[in-house]
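Some notes on the structure that comes next.
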Amino acid sequence: MTDDPATPKLRSRAWFDNPDNIDMTALYLERYLNYGLSLEELRSGKPIIGIAQTGSDLSPCNRHHLVLADRVREGIRDAGGIAIEFPVHPIQETGKRPTAGLDRNLSYLGLVEVLFGYPIDGVVLTTGCDKTTPAALMAAATVNIPAIALSVGPMLNGWHRGERTGSGTIVWKARELLAAGEIDDEGFIQLVASSAPSTGYCNTMGTATTMNSLAEALGMSLPGSAAIPAPYRDRQEVSWRTGKRIVEMVREDLKPSDIMTRAAFLNAIRVNSAIGGSTNAPLHLAAIARHMGVELSLDDWQEHGHHIPLLVNLQPAGEYLGEDYYHAGGVPAVAAELIKHDLLDTEAMTCTGRTIGENCRDARIEDERVIRPYDQPLKQDAGFIVLRGNLFDAAIMKTSVISPEFREHYLSNPDDPNAFEGEAVVFDGPEDYHARIDDPALGITVNTLLFMRGTGPFGYPGAAEVVNMRPPAYLIREGIHALPCIGDGRQSGTSGSASILNASPEAAVGGGLALLKTGDRVRIDLNRGTADMLISDAELAERRAALEAAGGYPYPPSQTPWQEIQRATIGQIASGAILEGAETFQRIAQT
Ligand code: FES
Ligand code: MG
C-alpha cells in the first residue's frame, strides 16, 4: 500500500491504515469489505468520498439523487477515489408535520456526526428541497472537510391550459380562485397538481431554487449546475463532473473555509436580489455563516443587497420557471451581469479551484425575456428591506414581489411615500387564522394589517411558513387580493406576498408582537425602516407587566423529543435560528 504521491495525508488512513493500532485497523477494514470493496482498494491511499444522500421515497424533491448517485460514483472512481454513500435525515418541505423548519438543524447535527465520525476525506452534498441545502452546507462548514454541493435540479415546467403553472406559487392563485368560487375542490387539486410534471424540486424561484443558486454563488457547486432541470441529460453529466471534482478537491485540500468567506456570502446576497430569491435565504445564509465563523448580519442584506435590481423573471416575482432559467444561462449569466457592473467580488474562490470571476465573467444571457440585462431590469432596488421598531428588533420585507396594486394602495401617498398606517387584526397561529379569517365580525377592510404571531422558531417549533395570509373571501370578491401581512413566522419562497416577516424576537420569547392587540394602530415606514405600534411607552409597559404576570405569551407543548431539545437552545430567525452554543465547535480541519 503506497500513498498516492499527489494526495495529502488523508484522514481515512487513520481508520484503514494505522500501523499504531492494527487491531482497530483490521476491524475497520473487515466490515467495509463485506459488501464487495477489496482490501486493496481500502488500503490504496485513494480518497474516500462520501455521498451524502438526501433522496428517498419520503423526499420526492430530492429523490432523483438516488439515480444521480450512480453518475457521481462513476466520476469519483474515474478520478481515482472510492465512493461511500450514506443516508441523510430526510427533510421534505411539503410533507413534514408540523413544519419542515424543525428538521434543518436535526439534519445538520446528523450529518456533522457522520462526517466527523467516519472515514470520509471529502463529501458530495446532494442538495435540493428547501432546507436540505442549508443543512448540508452548515455541516460542511462545521467539519470543514473538502465538500461540493450537487443540486438535484428543478422539475420541468408545469402547464395548465397553455399557461405555466409554478409549484407553490400556483397554490396561492388556486386559493384565491377557490375562495372566489371560480373553481371547486377537484379543480383546485388538478390545478395544483399540474405544476409538478416530473422529478425534481419546485420549478419556481422558491427556497429550493434560491438556495441551490446561492450554493453556486457561494462557490460550493460547479458553475452552471444549480439550474439544470432534474430530468435533463446535462444533470447526469454534471453529477459525474461533480464526482470527479471532489476527488481533485481532496488532493488540493480545498476546504469550505477557503470558499465560504465573507466575500462569498456578500456575493450570495447580491445574487439573491438579482434572482428574486426567497425570504428564507437570510435565515439560512446566517446559519451557514455562523457555522463557518463568518460575520454576517441582517444589515449586510440591506447594505449589499437592497440596491441590486431584479434580473431573473421567474415566478413568484416574474412569469417564467426553472427550465427557462436554465436555458437563459442560470447563475453564471446573472453573475456575469453583476460582474460587469462591479457588483461581485470576483476574487472569491470556488470549488473549481478558480475564482467566481474566472468561472463566470464570460457567461452570456441566452434569453433576455428570462434573465434581463442589468440596465433593463424587472425592478430596481429588488433586495430586502430590514425593518425595526417596538414590534420587533428586526424583520424583513421582500420588495421584489410588491405588486403594482399593493404599491398603489399602500405606498403611494404623496405626503407620506413608502409608508402606511392601519388597524391590526391579530391571529395567534395558523389554526386561529384559518378559523376566523372569513368571519365578518372581525371587520377586516382594505385598511387592516393582518398579524400572525406565535409562529417563530420557539413558539411553533422550527417556525412555520404562515405569515402570508389571504384576505377574507368577501374582500377577494371585491378585487382585494392582498393586505399587508406581518409576523414572526416565515413564508414560502414560492409566495408572491410582500409580507413583513421573520420578526425577531418572536412573540413566544417576549418580542413586541406579544403586546399587540387587535384594533391597535400600526405604522410601517419603508423609508425609515420602521414598524411600530402607535401605543405610548407607558401603555406598552403596562401590557408587558400584564403579560409577565400571566406567565408570558402562551405556546403549545412540544410534541416530540426533538421539539423539546431544540427549544432549549434555538436562537431567533435574525441570527439564523441555529442551536445556540453549537456554532463554535472545533472543526476537523481548521482554517
Ligand atoms: Fe421541495 Fe419545494 S417542496 S423544493
Ligand atoms: Mg418552504
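Which residues, counting only those in the range 193-219, are part of a helix (DSSP H, G or I), touching a residue at least 24 places away in the same chain (Cβ under 8 Å) and away from ligand 1 (no atom under 11 Å from the Cβ)?
S213, L214, A215, E216, A217, L218
Quick check on I76: is it touching a helix residue (DSSP H, G or I) at 6+ places or on another chain (Cβ under 8 Å), part of a loop (DSSP other than H, G, I, E, B) and crowded, with 24+ Cβ neighbours inside 10 Å?
So I76 fails the test.
Could you say whether any residue in the range 436-448 is within 16 Å of ligand 2 (Cβ to nearest atom) and either surrounded by fewer than 21 Cβ atoms within 10 Å (Cβ to Cβ) or at negative phi (or both)?
no
Can you pull out every residue in the range 464-492 that is more than 16 Å from ligand 1 (Cβ to nearest atom), within 16 Å of G101 (Cα to Cα) and in contact with a helix residue (DSSP H, G or I) (Cβ under 7 Å, 6 or more places away or on another chain)?
The one that is more than 16 Å from ligand 1 (Cβ to nearest atom), within 16 Å of G101 (Cα to Cα) and in contact with a helix residue (DSSP H, G or I) (Cβ under 7 Å, 6 or more places away or on another chain): D488.
Would you call S499 closer than 20 Å to F384 by Cα, in contact with a Gly (Cβ under 9 Å, 6 or more places away or on another chain), away from ligand 1 (no atom under 16 Å from the Cβ) and modelled with pLDDT under 95?
Yes, satisfied.
For R407, indicate whether it is basic (K, R), modelled with pLDDT under 95 and out of contact with any Pro (no Cβ under 8 Å at 6 or more places or on another chain).
In short, yes.
Assess whether R528 counts as being of a type outside the set (A, V, I, L, M) and crowded, with 16+ Cβ neighbours inside 10 Å.
no
In contact with a helix residue (DSSP H, G or I) (Cβ under 8 Å, 6 or more places away or on another chain) and away from ligand 2 (no atom under 16 Å from the Cβ): does that describe G110?
It is false that G110 is in contact with a helix residue (DSSP H, G or I) (Cβ under 8 Å, 6 or more places away or on another chain) and away from ligand 2 (no atom under 16 Å from the Cβ).
crowded, with 24+ Cβ neighbours inside 10 Å, at pLDDT below 95, within 16 Å of ligand 1 (Cβ to nearest atom) and within 30 Å of V171 (Cα to Cα): which single residue out of G128, G101, G55 fits that description?
Just one listed residue meets the conditions, G101.
Where residues in the range 459-484 are within 19 Å of the chain's Cα centre (by Cα) and part of a loop (DSSP other than H, G, I, E, B), which of them is nearest to R175 (Cα to Cα)?
N468
Taking the condition crowded, with 24+ Cβ neighbours inside 10 Å, within 22 Å of V152 (Cα to Cα) and touching a Ser or Thr at 6+ places or on another chain (Cβ under 8 Å), does A230 pass?
When the stated conditions are applied, A230 passes them.
If E85 passes every condition in (1) without any contact (Cβ under 8 Å) to a residue 60 or more places away in the chain; (2) within 12 Å of ligand 2 (Cβ to nearest atom) but one, which one does it miss?
Every condition holds for E85 apart from (2).
Considering only the range 345-354, I want to know if a residue exists there that is among the aliphatic types (A, V, I, L, M) and in a helix (DSSP H, G or I).
no
Being within 16 Å of ligand 2 (Cβ to nearest atom), polar (S, T, N, Q) and over 25 Å from Q566 (Cβ atoms) narrows it down to one residue among S497, S412; which is it?
Result of the check over S497, S412: S497.
Could you tell me whether A514 is surrounded by fewer than 17 Cβ atoms within 10 Å (Cβ to Cβ), more than 16 Å from ligand 2 (Cβ to nearest atom) and modelled with pLDDT of 95 or more?
no
Among what's in the range 124-151 and is more than 16 Å from ligand 2 (Cβ to nearest atom) and in contact with a His (Cβ under 7 Å, 6 or more places away or on another chain), pick the residue that is farthest from I480 (Cα to Cα).
Per the stated criteria, the residue is T142.
Has the range 315-329 got any residue that is farther than 15 Å from I371 by Cα and buried (at least 21 other Cβ atoms within 10 Å of the Cβ)?
The answer is no; no qualifying residue exists.
Count, please, the residues in the range 144-159 that happen to be surrounded by fewer than 24 Cβ atoms within 10 Å (Cβ to Cβ) and either outside any loop (DSSP other than H, G, I, E, B) or among the polar types (S, T, N, Q) (or both).
Counting residues in the range 144-159 that are surrounded by fewer than 24 Cβ atoms within 10 Å (Cβ to Cβ) and either outside any loop (DSSP other than H, G, I, E, B) or among the polar types (S, T, N, Q) (or both) gives 3.
Run down R567, R521 and say which single residue is loosely packed, with under 15 Cβ neighbours inside 10 Å and touching a residue at least 24 places away in the same chain (Cβ under 8 Å).
Going through R567, R521 in turn, just one is loosely packed, with under 15 Cβ neighbours inside 10 Å and touching a residue at least 24 places away in the same chain (Cβ under 8 Å): R521.
For residues in the range 398-433 being in a helix (DSSP H, G or I) and loosely packed, with under 14 Cβ neighbours inside 10 Å, which is nearest to the chain's Cα centre (by Cα)?
Step by step, filter the range 398-433, then rank; the result is E431.
The values are calculated or read from the model by the stated rules, or taken from the named source; none is laboratory data. Everything quoted here is computed from the prediction, not taken from an experiment. Glycine also receives a Cβ, built like all others from the backbone with ideal geometry; neighbour counts cover every protein chain displayed.
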